[in-house]
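Working notes for the structure below.
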Amino acid sequence: MKRALSLLIIVWSLVVASFAQGTYTNPILGGDFPDPTILRDGQDYYITHSAFDYQPGLVVYHSRDLVNWTPVSYALRTYLGSIWAPDIKKYKGKYYIYITVHGDRRTNCVVWADSPKGPWSDPIDLNIGDIDPCFVEGEDGKCYLVMSGGNRWTLADDGLSVVPGSKVHFYDGWQYPAEWLTEGFCLEGPKLYRIGDYFYYISAEGGTAGPPTSHMVVVARSKSIHGPWENMPTNPLIHTYTRDERWWSKGHGSLIDTPDGKWYCVYHAYENGFYNLGRQTLMEPVHFTADGWIVADGGDANGELPCPTLQKQEGRLDRLGEFRLGLDWRFYKSFNPERVKVEQGALILQGKGNSLGSSAPLMFIAGAHRYEIEAEIRLQGKVRAGLCIYYNDKYNVGTAFDGERRFRYRRDQANGVGKASTDRLWLRLRNDAHIVTAYWSTDGKQWNRETWGQEISGFNHNTLYEFQSVLPGVFCEGDGYATFKNFKYREL
């Protein structure tokens, strides 16, 4: 009896341990979350991504389990240009995010804060070239900023400027087999870590788009920040090998550990068949071998994977109806918070421009294959307002009205499709695996489908460049404003 009871207790303990660990499926952040950079601060994790042309930019997300993420701050309040490949670090009690700015000129900047929850400083221009900065502290006590192409600058002690003339080239990358089909060599996205006896240089190669087999995560190590560097014999750590895989162009990896010593590689990838969702954030468990190299645990990035622990947190999109500017919602290029007012759960959006493309729409990351958005919209003044799915100012689709007529938008051209004769309408826009259709209602109960539809799978970086994705949102053009109430997002 005692033996049986003991066995029962052991089995139950294993069940509880398995439940506590749990599993997850990729992506951990679905939709346009490219170039992930991640930090562990005690029991807490923080992650941010390339902002590109969306503002406010550099949204910082928090998690306790690496799977459920909640936005807690944003670090950029002004539009500097396209923001590439950030690196988030903690150093001497402060938090830093280093970024590349591709604007009127290419440069690199840094912002800092006393907490990941902000407020963050204004950007400080480091006045250096190259891209994809990464902060690392050497064994000599000095701080360095490693850049793409295997270049490195020495930083001042406060991390807010570089030492003039300190640029050196110190790493050439790993040469992958000549027969591999990639976008180009592209030694980019460096992430350096001091773990045990070694510095580990984690880099991206192969180009971030192009063929499905382009991108990869490559590993090198050295006992000194100054080298020599030894490439991992089993490179690459992460890679897409055929076009038949679900995840394409897997690369730009960051390492992260848990308090109990587990290791993961966080990286981005495009989804086969849904390229226009952008590069999504994925995660795979990895481990260190007896000889000090890193290997993936062999799990399927498309299947269930073990998670250190799972904690219930609010869904990333649960609070869309609160219109939290910067945390959930963002503008395209033109950031003007004065255009936005939220009163009693309603968004009041000031008109801008004379087309969907010039209106600087307000958008969010959906990250789903099939979804629809809807809102009750009331017009004030000489405006046209509605719902959109937006790639850039030339490639977009939407439905809107101006008090007299309803309109269809296709590649930023508006065409009348019927009468409105009111300053208040309910509109709905549906994206069903790239097929976009629209609906309208006078009471929010009885819906009418518009006769038009559009296919938007071609709205992606491989055809249009700019590193963008299709994002759903709201817009208002003209002189006046529109009020959006009862906003709803539903996955189909």
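The values are calculated or read from the model by the stated rules, or taken from the named source; none is laboratory data. Bear in mind the structure is a predicted one, so any value in this text is a computation, not a measurement. Note that we place each Cβ from the backbone using ideal geometry, even for glycine, and neighbour counts take in every protein chain shown. Calculation scope for accessible area: heavy atoms of the full protein, side chains included, ligands and nucleic acids excluded. Shrake-Rupley method; radii C 1.70, N 1.55, O 1.52, S 1.80 Å.
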- Task: Name the one entry in A204, A209 that is at pLDDT below 95 and open to solvent by less than 40 Å² (accessible area, probe 1.4 Å).
- Result: A209
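Inspect all residues belonging to the stretch 23-31 and state whether any of them is surrounded by 20 or more Cβ atoms within 10 Å (Cβ to Cβ), farther than 22 Å from A368 by Cα, modelled with pLDDT of 95 or more and touching a Pro at 6+ places or on another chain (Cβ under 8 Å).
No: zero hits.
Every residue, every condition in (1) over 27 Å from the mean Cα position of the chain (by Cα); (2) more than 26 Å from V340 (Cα to Cα); (3) open to solvent by less than 20 Å² (accessible area, probe 1.4 Å); (4) not aromatic (F, W, Y), yes or no:
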site: E404; (1), (2), (3), (4): yes, no, no, yes
site: R410; (1), (2), (3), (4): no, no, no, yes
site: K445; (1), (2), (3), (4): yes, yes, no, yes
site: D479; (1), (2), (3), (4): yes, no, no, yes
- Check S214, S249 and return the single one that is touching an Asp or Glu at 6+ places or on another chain (Cβ under 6 Å), among the polar types (S, T, N, Q) and either open to solvent by less than 20 Å² (accessible area, probe 1.4 Å) or within 20 Å of P177 (Cβ to Cβ) (or both). S214
- Message: Can you tell me which of (1) closer than 27 Å to P71 by Cβ; (2) at pLDDT 95 or above; (3) β-branched (V, I, T); (4) in a loop (DSSP other than H, G, I, E, B) is the one T234 doesn't meet?
- Response: (1)
- Item | Residue among Y395, Y390 that is within 28 Å of L464 (Cβ to Cβ), in contact with a Phe, Trp or Tyr (Cβ under 9 Å, 6 or more places away or on another chain) and open to solvent by less than 10 Å² (accessible area, probe 1.4 Å) | Y390
- Task: Go through the stretch 148-195 residue by residue and tally those that are surrounded by 16 or more Cβ atoms within 10 Å (Cβ to Cβ) and either at positive phi or touching a Pro at 6+ places or on another chain (Cβ under 6 Å) (or both).
- Result: 6
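So which strands (runs of 3 or more DSSP E) stay within the stretch 265-356 end to end and still have 2 or more residues that are touching a residue at least 40 places away in the same chain (Cβ under 8 Å)?
280-288, 294-296, 304-306, 330-332, 346-350
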- Message: Give me the residue from the stretch 100-112 that is touching a residue at least 40 places away in the same chain (Cβ under 8 Å) and out of contact with any Asp or Glu (no Cβ under 8 Å at 6 or more places or on another chain) and, out of that set, most open to solvent (accessible area, probe 1.4 Å).
- Response: W112
- Pairs with Cβ under 7 Å, 6+ apart, first in the stretch 449-464 and open to solvent by 40 Å² or more (accessible area, probe 1.4 Å), second outside any strand (DSSP E or B) and of a type in the set (A, V, I, L, M, F, W, C): N462/A209
- Failed criterion for D172 (all others in (1) under 23 Å from I99 (Cβ atoms); (2) modelled with pLDDT of 95 or more; (3) of a type outside the set (V, I, T); (4) out of contact with any Asp or Glu (no Cβ under 7 Å at 6 or more places or on another chain) hold): (1)
- Going through the stretch 257-280 one residue at a time, which ones are open to solvent by 10 Å² or more (accessible area, probe 1.4 Å) and among the hydrophobic types (A, V, I, L, M, F, W, C)? W263, F274, L277
